[in-house]
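Notes to accompany the following structure.
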Amino acid sequence: ANIRYVKVADKKEAAEVVLERMREELAGGLEVLGLATGSTMEPIYAAWADSDLDFSDVTSFNLDEYVGLGPDNPNSYAWFMNHHLFSRKPFKETNIPDGKAHNLEEECEEYEARLRGAGIDLQFLGVGENGHIAFNEPGTPFTSITHLTQLTESTLGVNSQYFEDRSAIPETALTMGISSILSAKKIILIAFGEKKRHALEQLVKGEETAEYPITALLRHPDVTIITDLDNLTA
Ligand code: GLP
């Protein structure tokens with residue numbers, strides 16, 4: 001594995017570091033960008049939206065979406081992306097799994113084919129407190145491709161803060177698989193705060209285990225971890 005850790009003071013510095021990296025990637029001919037949702041990405045997208053970066057030749061692929069939620073629902077990841085980024089920065093084309101697809105299996109197959117056909121140059125990732133990446137929960141095989149998944153109690157608990165009514169949270173989602181994510185040429189994972197320490201330390205340990213999906217990144221040749229956590233120990 002080739003994992004580089006970039007320690008930042010805070011979210012503001014992380015946004016600056018990522019903005020400069022995006023500037024370099026775009027200048028270097030980046031065409032296909034893998035995007036993530038979650039509170040971690042908010043300051044990152046805000047900085048892009050306020051910048052002069054030009055995404056008009058870029059195609060994006062998002063990691064995941066809740067089953068049953070469409071772009072008009074403020075809890076959907078489609079809404080999140082429109083609100084934080086796409087409405088402020090035009091892209092050539094954007095792709096998000098369709099959580100309202102009539103045939104979810106078929107939607108997953110098509111999404112996987114589309115993203116493999118395009119080839120993701122750079123994939124952004126956050127991480128769940130339990131070490132999940134996208135919605136690949138503990139136990140998901142590293143060979144997985146885009147699929148329908150059942151969310152764990154832990155993830156439902158953490159994500160419930162965004163829903164006014166706990167019972168309104170979808171318990172299933174469509175997500176890129178771990179193999180889909182690893183197919184990206186480069187990966188940047190961003191993690192803020194002590195709640196993410198346990199997950200990041202599994203990576204520092206250096207042992208691949210399906211119990212912590214984040215450890216699949218050990219198989220990838222070009223990973224950058226941007227975090228405000230220091231003294232990460234194995
Ligand atoms: C959700 C998303 C993940 C994201 C995680 C962390 O479960 N599916 O892609 O990494 O939340 O979210 P946050 O950035 O809010 O901590």
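Diffusion of segment 125-208 by Stokes-Einstein, at 20 °C in a medium of 1.002 mPa s and with Rh set to the Kirkwood radius over alpha-carbon pairs, works out to 155 µm²/s. Calculated on the Cα set of segment 1-70, radius of gyration then Dmax: 13.6, 38 Å.
In plain terms, the chain from K92 to N75 could stretch by 3.7 nm, reckoned as 0.36 nm per residue minus the Cα-Cα distance.
Here's the picture: a label point sits 7 Å out from the Cα of T143 along the beta-carbon direction, and within segment 172-195 the residues with their amide nitrogen under 12 Å of it are 179.
Normalised by residue count, segment 3-135 yields a Cα convex hull volume of 126 Å³ per residue.
At full extension, H198 and E109 could sit 28.7 nm farther apart than now, given 0.36 nm per residue minus the alpha carbon distance. Structural descriptor for segment 90-234: relative contact order 29 percent, calculated from alpha carbon pairs under 8 angstrom and at least 6 residues apart. Across all directions, the average projected area of the convex hull around the alpha carbons of the chain is 11.6 nm².
Values in this text are rule-based calculations from the coordinates and carry no lab data. The shown structure was predicted, so the numbers you read here are calculated from the model rather than taken from an experiment. All Cβ positions, glycine included, derive from the backbone under ideal geometry; neighbour counts span all protein chains shown.
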